[in-house]
Amino acid sequence: TDCVSALAWPTAALLYSASWDGTVREWDAAVGAATATLSSSGKAALCLDVSLSPATVATGHSDHQLRLWDARSRGGAPTGAIPHHGWVSSVAWCGVREHLLVSGCHDGGVRLWDTRSPRVALHSLPRHKGKALCVAWDGADAVVSGGTDGQLRISTLAA
């Protein structure tokens, strides 16, 4: 095990961690024990977020990939990978629309994805002049991102 780089706590009983060794672990929060380990290519997992519906973990990696995992599988391979142009430094599921995901990348890009058809981004949101480091949702209608340029970029999405 290497450095823990990201955490998500989607329910009181369930915790997920991402590590620089490329693994994602599911934990029983009450016991403090790992219950499943998802493996990747060994490239550092930098960020993660968990959607309970449809039970999917999204992870961003240093090999320019955003990986999707079926949270119900135990130790399985990713169910999908979405290429980026740099390290994927942030991911966030939309809490209202279960298939929407936003990602931030070291190339400055912030992209909106529909995970049912992830070959092409739904939208490229306003870029950062430096690296995009963090992303978050406000309901289903707005995304905010922050980057090394010291800026917050708020994007309102069309319904």
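Observations, loosely collected:
- Looking only at residues in region 142-159 that are open to solvent by 30 Å² or more (accessible area, probe 1.4 Å) and touching a strand residue (DSSP E or B) at 6+ places or on another chain (Cβ under 6 Å), the one that is nearest to Ala92 (Cα to Cα) is Val144.
- Scanning region 4-62 for residues that are in contact with a Phe, Trp or Tyr (Cβ under 8 Å, 6 or more places away or on another chain) and among the hydroxyl-bearing types (Ser, Thr, Tyr) returns Ser5, Tyr16, Ser17, Thr35, Ser51, Thr56, Thr59, Ser62.
- A count restricted to region 107-120 and to residues that are of a type in the set (A, V, I, L, M) and open to solvent by 30 Å² or more (accessible area, probe 1.4 Å) stands at 1.
- Members of region 51-108 found to be basic (Lys, Arg) and in contact with a strand residue (DSSP E or B) (Cβ under 8 Å, 6 or more places away or on another chain), listed by number: Arg67, Arg74
- In region 18-51, residue surrounded by the fewest Cβ atoms within 10 Å (Cβ to Cβ) [restricted to those that are of a type in the set (Ser, Thr, Tyr) and modelled with pLDDT of 90 or more]: Thr35
- Among the residues of region 72-85, some residue qualifies, meaning at least one is open to solvent by less than 10 Å² (accessible area, probe 1.4 Å) and modelled with pLDDT of 90 or more.
- Looking only at region 52-67, and only at residues there that are open to solvent by 10 Å² or more (accessible area, probe 1.4 Å) and small (Gly, Ala, Ser), the one that is nearest to Gly80 (Cα to Cα): Ala55
- Boolean, Ser124 is surrounded by fewer than 19 Cβ atoms within 10 Å (Cβ to Cβ), of a type in the set (Ser, Thr, Tyr) and within 23 Å of Thr56 (Cα to Cα): yes
The values are calculated or read from the model by the stated rules, or taken from the named source; none is laboratory data. Quick caveat: nothing in here was measured; it's all calculated off a predicted structure. Every residue, glycine as well, gets a Cβ built from its backbone with ideal geometry; the counts of neighbours run over all protein chains shown. Quick note on the areas: whole protein, heavy atoms, side chains included, nothing else; ligands and nucleic acids left out. Shrake-Rupley method; radii C 1.70, N 1.55, O 1.52, S 1.80 Å.
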